[in-house]
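Here's the structure we're looking at; comments come further down.
The values are calculated or read from the model by the stated rules, or taken from the named source; none is laboratory data. Because the structure is predicted, anything quoted here is derived from the model rather than measured. Here the Cβ is made from the backbone with ideal geometry for all residues, glycine too, and neighbour counts use every protein chain on show. Surface accessibility is based on the protein's heavy atoms, side chains included, excluding ligands, DNA and RNA. Shrake-Rupley method; radii C 1.70, N 1.55, O 1.52, S 1.80 Å.
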Amino acid sequence: MNISDMHILLTGATGGIGEASAERLAQMGARIIAVGRSPEALAQLVERLPAHPQGAHSYVVADLCQQQDIDRLRTKVEGLEQPLNTLINMAGINALSLFEEQSSEQIRQIINTNLTGTMLLTHALLPLLKAQPQARIVNVGSTFGSIGYPGYVSYCSTKFALRGFTEALSRELSDSNVMVQYFAPRATRTGLNSDAADALNEALNNSVDSPAEVARELFKFIQNPCANRFLGWPEKLFVKINGLMPGIVGNSINKQLHTIKGHAQTR
């Protein structure tokens, strides 16, 4: 599918990567439906996007943790003159914190935002996507969806599950016109990161990408038929090693544990 033929519903559109991705994809010819929780930020984003020949870009204010918002979003998409043919699930939240120090509400919110909302939205829109000659679902995960990392237990759990959801759905739809892909950035400089997370990345000398860099790689990825893409070196190598010999990666992370806990502890 050519980028100029893509009518993309992008969740998490006002986040750092989401905003950069909306701008990049629109610049390259896609038409965007931006989804997020802030009407002001969404309106400003859509206003900045370059004009599209098949109609204006649009936005929908929705909290994907709320089923009524998902239902309302589907109703709006059903009524579009140019049908939706691409779904990019990018909405997500994160928190650097020791698992035992997180509240049950924080854990529930991370799960609902990163996983449950994504699955339910995909479920709601799948019949519409299947009705198109070609369609695409891109789930945006993380390196931490393949490597369990201290301080990010809840986040890792949702991204591991998102990767499994993507793989299983891709195989289930392999005889259909819908391609399902998984895109995994490494550490990225966004508003999701707390000061403690930024300080930890600096202390460990971790490479941190800009949202624009990630958006550029996402654009390249969705033009190709590959199933997944992991960003960054040596992160993509660690993903492979962790899949085959997790003890090696675990031993390496254990050497960093004191530093990680020092930044993750809240009390």
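Structure notes:
- Here the Karplus relation 6.51 cos²θ - 1.76 cosθ + 1.60, evaluated at θ = phi - 60°, turns the backbone of segment 235-241 into coupling constants of 4, 5, 5, 4, 4, 5, 5 Hz, with x for every Gly and Pro.
- Mean ellipticity per residue at 222 nm, deg cm²/dmol - from DSSP H runs of n ≥ 4 across the chain, formula -39500 (n - 2.57): -14000 deg cm²/dmol
- Computed over the Cα atoms of the chain, the ratio of the radius of gyration to the Kirkwood radius (Rg/Rh) comes to 0.96.
- Ratio of Rg to Rh for segment 143-264: 0.99 [Cα atoms; Kirkwood radius as inverse mean 1/r over pairs].
- Other-chain or far-sequence residues with amide H under 5 Å of residue 60's (modelled H): 34, 35, 36
- Convex hull volume of the C-alpha atoms in segment 98-157, normalised per residue: 69 Å³.
- C-alpha long axis of helix 211-222 to longest principal axis of the chain, angle in °: 60 degrees
- Evaluating 6.51 cos²θ - 1.76 cosθ + 1.60 at θ = phi - 60° for every residue in segment 85-93, the Karplus couplings come out as 9, 9, 10, 10, 8, 10, 4, x, 9 Hz, glycine and proline recorded as x.
- Each of 13, 182, 246 was placed along the dipole of the chain (beta-carbon charges, centred on the mean Cα), and the one lying farthest toward the positive end is 246.
- Residue-level accessible surface for residue 149, protein heavy atoms, 1.4 Å, Å²: 30 Å²
- Computed magnitude of the charge dipole of the chain (debye, nearest 20; Cβ of K, R +1, Cβ of D, E -1): 520 debye
- For the chain, the relative contact order works out to 20 percent when only alpha carbon pairs closer than 8 Å and six or more residues apart are counted.
- Phi to ³J(HN,Hα) by Karplus 6.51 cos²θ - 1.76 cosθ + 1.60 over segment 99-116, Hz, x for Gly, Pro: 4, 5, 9, 7, 7, 4, 5, 4, 4, 4, 5, 5, 5, 5, 6, 7, 10, 4
- Surface share of carbon and sulfur [accessible, 1.4 angstrom probe, percent] for the chain: 51 percent
- Between residue 119 and residue 176, the simple spin-label model (points 7 angstrom out along Cα→Cβ) gives 1.6 nm.
- Close amide H partners of residue 137, meaning residues 5 or more places away or on another chain with modelled amide H under 5 Å apart, are 87, 179, 180, 181.
- For segment 124-201 versus segment 41-78, the spacing of their alpha-carbon centroids is 20 Å.
- Remark: the chain carries 48 Å² of accessible area per residue (probe radius 1.4 Å; ligands, DNA and RNA excluded).
- Distance from segment 1-35 to segment 204-236 (C-alpha centre basis), Å: 16 Å
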